[in-house]
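Single-structure report; data block below.
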Amino acid sequence: MNVASFLIGIVLPYIAVALFLVSIGIRINRWATSPHPLKWSLYPMPADYTGQIKFMLKEILSFRALLHNNRKLWAGSWLFHIGMALIILWFITFVLGLHAGIVLRAGLAFLIVFPLYLFFVRLASTKMRTISSPLEYFNLLIFIAIGILGILLLSFNKPDPTAVRQYFISLILLHPAAPPESSIFLSMLAITEFFMIYFPNSRMLHMISKYFTYHKISWESH
Amino acid sequence: MPQTAKNENIEKGNMQKQPSENVKNTEKKQKRNYPFFAIENPIEENRIPVFIKTMEAVLKDDKYRLLLDLYLNTCASCNSCADQCHLYQTTHEEKDLPAYRSNMLRAVYRKYFTTSGKLLGGFVGAKALKEDDIDNMIESFYRCTMCRRCAVECPMGVDNALITRIGRCVIGELNLAPKNFTVSSYQQLYGVGNTSSIPKEAFIDTLDFLQDEIKDMTGHSVEFPRDKVGAEYLFIAPVSDYIMEADTLMGTAMTLQAAGADWTIGTGYYDAINYGLFYSDTVTADALNKLLAEAYRLKVKKILIGECGHATKTAKLFVDVFGKHQFPIQNVMEYTAEAIKKGRVKLNPEVNQETVTYHDPCNLGRGLGIYEPPRNIVKAAVKHFVELQPNREKNYCCGGGGGSVTVPDMYNFRMNLAGIKKVEQIKASGAKYLAAPCANCKKQLKELVEYHKLPVTVVGVHDLLIRALLM
Ligand code: SF4
Ligand code: SF4
């Protein structure tokens, strides 16, 4: 095992996961415990807990607000997020012993096509460009890169699935084995680790912060 | 007596000094020109460091730390807010894009208060603050009418109007608020005691006059009770109503009497207006505490606020923050709707035959959820009611929100840009009367109607009750 394999395949996975969880934890804790005396309710709001859950489910599953107001963006971001969900779904089933290659391929394809689409939607209109910092484009590029590396890996340098699964399981069981020998696999691993460290410190954390914008601010009745 | 809120901002004090005190400082220097609106005694030097220091204080302040941190990190830059904004839909100007406006503050936040911004600069949207930026912020933050229509449909739950308020509070600390806010608030807090500078004697005369007027118009003897210690309700209206909205006040007094309310007006403090909502926490707190002091003085049980959106919202939402909350606060829409429902007030809709429509004031609707009570009142008082389209939480701002209606320099802006969506809505309704239970909205709507020659009469909700009440 060379140095790169050791670092990216054995050390960094743990550091990345730890930083991922800890940073998210710190953020959540900060938002949950910050005092918020200024009331700024927004009506209408769900009348009770059940209403809140219903609203949230609808919003999370269908991207309701975008769906109603911004079809062009909705299509792109909804399918993009579906792509992420597919990858996560694939990963879980893969570790559990299923080989749902089609899910992986679809997920990767989504991660290329739809962020690319969003990238150009953002670039194409002055109105969108005006409110975008380079960061917005960069965030999309990370996904595109993951998608492309994944497709390359499957097409040109496909490691033995059993070996890959063994490797993931070894990580999970805290007995890390050497990663499969493939520079593309290693690059993909590296970029995923970067993503995990970066994610909690980026606006992509909106999947969590969004909970607070509603529950702690808009839905706080007087 | 209520305790004054111990709030650091109060000590800092961003009230305008009286004109004479500051003359020496500004005489010699080249004066900056503020084209968007007149500013009294603006800060002329060191604006950038003062801005950053003020923002630092705001961030440290418990009131805003969470809000800024959360909102400025959550926005997905999707521009859905722009599609909701009445102003952007009319102007299509960069400075009216809600997210662009918020980014002005976000850039400063990132540059001076986050590690990533210090290290990565423009890449993460951070930008060093320049003189021009401050002027652009003044204009942009005041073009936003804080109506919150954008917040309703933000997929991230971000409220750009709150960012506008925070931005305005920062520039307000630099004495860069419109002269009309600062001078009126000075009069309210330290001068005559109200934003229209109506002396107590004149105010009492007005109450007498209104009583006589009701007698002449309807034949009923209706009282405007004053300083009745121990009454259930302290009634307080925006003081400008006593100059401009006599019908609203008469209708309200008649309704309260018909409902058998135990109410009083305080002649010690009779102005519900609180411009603090639009630019300053200090002013918000001081005005609220004056209101509370009057309620304590008269030993009332509740506070009843007249037809005014921002005053009701400020009192209902901020009294816990800035004052000591002892009194339940109600808006007169809630009171009257309840009285009608309970049968304590009876109305004859036959007297109001013309078609009436209803405008949801942003602060009563989106801000407090008072959507149905005014509708129930209007429907009970008139024969033909039509909705504006869209309505309720999707209603368009009158175009004079965020206090802009009090700023004469913004007249053209309000008539030709901010109010255009409203004009279209009113035209499409075909109504003869437009009822709006808010002093700000009424003034703006009346000006719009005159300017655009719309065939509509703007009234308050209680105006409709003067003839409809069965007494
Ligand atoms: S709608 Fe919300 S998330 Fe989208 S740009 Fe506006 S504030 Fe940001
Ligand atoms: S609060 Fe109103 S005026 Fe301001 S950005 Fe939102 S929709 Fe536009």
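Just so you know, all these numbers are worked out from the coordinates, no wet-lab data involved. Remember, it's a predicted structure, so these values are computed and weren't measured experimentally. For neighbour counting, all protein chains shown are included, and Cβ atoms are generated from backbone atoms with ideal geometry for every residue, glycine included.
Out of the residues in the range B:64-88 that are within 14 Å of ligand 1 (Cβ to nearest atom) and assigned to a loop (DSSP other than H, G, I, E, B), which is farthest from the other protein chains (Cβ to nearest Cβ)?
Within the range B:64-88, the match that is farthest from the other protein chains (Cβ to nearest Cβ) is B:C85.
With the condition kept exactly as written, say whether any residue in the range A:203-212 is part of a loop (DSSP other than H, G, I, E, B) and within 13 Å of chain B (Cβ to nearest Cβ). Steps first, answer last, please.
Taking the range A:203-212 as the starting set, the residues that turn out to be part of a loop (DSSP other than H, G, I, E, B) are none.
No: the range A:203-212 contains no residue that is part of a loop (DSSP other than H, G, I, E, B) and within 13 Å of chain B (Cβ to nearest Cβ).
Output the number of residues of the range B:239-267 satisfying the condition of being touching a residue at least 40 places away in the same chain (Cβ under 8 Å) and touching a Lys or Arg at 6+ places or on another chain (Cβ under 6 Å).
Going through the range B:239-267 one residue at a time, the tally reaches 3.
Can B:T115 be described as surrounded by fewer than 22 Cβ atoms within 10 Å (Cβ to Cβ) and within 16 Å of ligand 2 (Cβ to nearest atom)?
Numbers: surrounded by fewer than 22 Cβ atoms within 10 Å (Cβ to Cβ): yes; within 16 Å of ligand 2 (Cβ to nearest atom): no.
Spelling it out, it is not the case that B:T115 is surrounded by fewer than 22 Cβ atoms within 10 Å (Cβ to Cβ) and within 16 Å of ligand 2 (Cβ to nearest atom).
From the residues in the range B:121-131 that are assigned to a helix (DSSP H, G or I) and out of contact with any Pro (no Cβ under 9 Å at 6 or more places or on another chain), which one is surrounded by the most Cβ atoms within 10 Å (Cβ to Cβ)? Step through it out loud before you land on a result.
Here is the first cut: in the range B:121-131, the residues assigned to a helix (DSSP H, G or I) are B:121-124, B:131.
Next, only the ones that are out of contact with any Pro (no Cβ under 9 Å at 6 or more places or on another chain) stay: B:121, B:131.
Numbers: B:G121: 14, B:E131: 10.
Ranking the qualifying residues of the range B:121-131, first place goes to B:G121.
From B:E94, B:E153, which residue is away from ligand 2 (no atom under 11 Å from the Cβ), surrounded by fewer than 24 Cβ atoms within 10 Å (Cβ to Cβ) and of a type in the set (D, E, K, R)? Quick ask: steps written out before the conclusion?
On the way: B:E153 fails: away from ligand 2 (no atom under 11 Å from the Cβ).
Going through B:E94, B:E153 in turn, the sole match is B:E94.
So in the range B:89-105, with the set limited to residues that are facing another protein chain (nearest Cβ under 10 Å) and aliphatic (A, V, I, L, M), which one is nearest to B:G401 (Cα to Cα)?
B:L97
Being part of a loop (DSSP other than H, G, I, E, B), within 14 Å of chain A (Cβ to nearest Cβ) and surrounded by fewer than 24 Cβ atoms within 10 Å (Cβ to Cβ) is the filter here, so list the residues in the range B:371-419 that pass it.
Residues of the range B:371-419 that are part of a loop (DSSP other than H, G, I, E, B), as a first pass: B:371, B:382-383, B:388-391, B:395-403, B:407, B:419.
Now drop any that are not within 14 Å of chain A (Cβ to nearest Cβ), which leaves B:371, B:390-391, B:395.
B:Y371, B:P390, B:N391 - these are the residues of the range B:371-419 that are part of a loop (DSSP other than H, G, I, E, B), within 14 Å of chain A (Cβ to nearest Cβ) and surrounded by fewer than 24 Cβ atoms within 10 Å (Cβ to Cβ).
Hey, can you tell me all the residues within the range A:45-82 that are over 17 Å from the mean Cα position of the chain (by Cα), closer than 20 Å to B:D83 by Cβ and assigned to a loop (DSSP other than H, G, I, E, B)?
A:N70
Suppose we keep only residues that are of a type outside the set (S, T, Y) and within 19 Å of B:E139 (Cβ to Cβ) within the range B:51-63. Which one would you say is farthest from the other protein chains (Cβ to nearest Cβ)? Full working, then the answer.
Taking the range B:51-63 and keeping what is of a type outside the set (S, T, Y), we get B:51-53, B:55-63.
Add one more test, that the residue is within 19 Å of B:E139 (Cβ to Cβ), and what stays is B:51, B:55.
Values: B:F51: 21, B:M55: 16 Å.
Applying the filter and picking the extreme gives B:F51.
Hey, among the residues in the range A:170-183 that are exposed (fewer than 14 other Cβ atoms within 10 Å of the Cβ) and either hydroxyl-bearing (S, T, Y) or outside any loop (DSSP other than H, G, I, E, B) (or both), which one's nearest to the chain's Cα centre (by Cα)?
Among those that are exposed (fewer than 14 other Cβ atoms within 10 Å of the Cβ) and either hydroxyl-bearing (S, T, Y) or outside any loop (DSSP other than H, G, I, E, B) (or both), it is A:I172.
Hey, can you tell me all the residues within the range B:321-369 that are under 26 Å from the mean Cα position of the chain (by Cα), within 18 Å of B:F385 (Cα to Cα) and not in a helix (DSSP H, G or I)?
Hits for the range B:321-369 are B:V356, B:T357, B:Y358, B:H359, B:D360, B:P361.
Has the range B:123-144 got at least one residue that is without any contact (Cβ under 8 Å) to a residue 12 or more places away in the chain and under 30 Å from A:Y211 (Cβ atoms)? Before you say what the answer is, go through the steps one by one.
Of the range B:123-144, the ones without any contact (Cβ under 8 Å) to a residue 12 or more places away in the chain are B:123, B:132.
If we keep only those that are under 30 Å from A:Y211 (Cβ atoms) as well, we get B:123.
Within the range B:123-144, one or more residues are without any contact (Cβ under 8 Å) to a residue 12 or more places away in the chain and under 30 Å from A:Y211 (Cβ atoms).
Test B:A99 against the stated conditions and say whether it is more than 25 Å from B:G369 (Cβ to Cβ), hydrophobic (A, V, I, L, M, F, W, C) and more than 15 Å from ligand 2 (Cβ to nearest atom).
Values: more than 25 Å from B:G369 (Cβ to Cβ): yes; hydrophobic (A, V, I, L, M, F, W, C): yes; more than 15 Å from ligand 2 (Cβ to nearest atom): no.
Judged against the criteria, B:A99 is not a match.
Condition first: within 14 Å of chain A (Cβ to nearest Cβ) and either more than 25 Å from the chain's Cα centre (by Cα) or within 30 Å of B:S102 (Cβ to Cβ) (or both). Can you find one or more residues in the range B:211-225 that meet it? Outline the logic, then answer.
So in the range B:211-225, the residues within 14 Å of chain A (Cβ to nearest Cβ) come out as none.
Checking the range B:211-225: not a single residue is within 14 Å of chain A (Cβ to nearest Cβ) and either more than 25 Å from the chain's Cα centre (by Cα) or within 30 Å of B:S102 (Cβ to Cβ) (or both).
From (1) of a type in the set (A, V, I, L, M, F, W, C); (2) within 10 Å of ligand 1 (Cβ to nearest atom); (3) in contact (Cβ under 8 Å) with a residue 60 or more places away in the chain, pick out the condition that doesn't hold for B:L105.
Single failed check for B:L105: (2).
Being touching a Ser or Thr at 6+ places or on another chain (Cβ under 9 Å) and in a helix (DSSP H, G or I) is the filter here, so list the residues in the range B:89-104 that pass it. Spell out the reasoning first.
The initial filter retains those residues of the range B:89-104 that are touching a Ser or Thr at 6+ places or on another chain (Cβ under 9 Å), namely B:94-104.
Residues satisfying the conditions are B:E94, B:K95, B:D96, B:P98, B:A99, B:Y100, B:R101, B:S102, B:N103, B:M104.
Given the conditions (1) more than 17 Å from B:S404 (Cα to Cα); (2) out of contact with any His (no Cβ under 8 Å at 6 or more places or on another chain), which single one is not true for B:I171?
(1)
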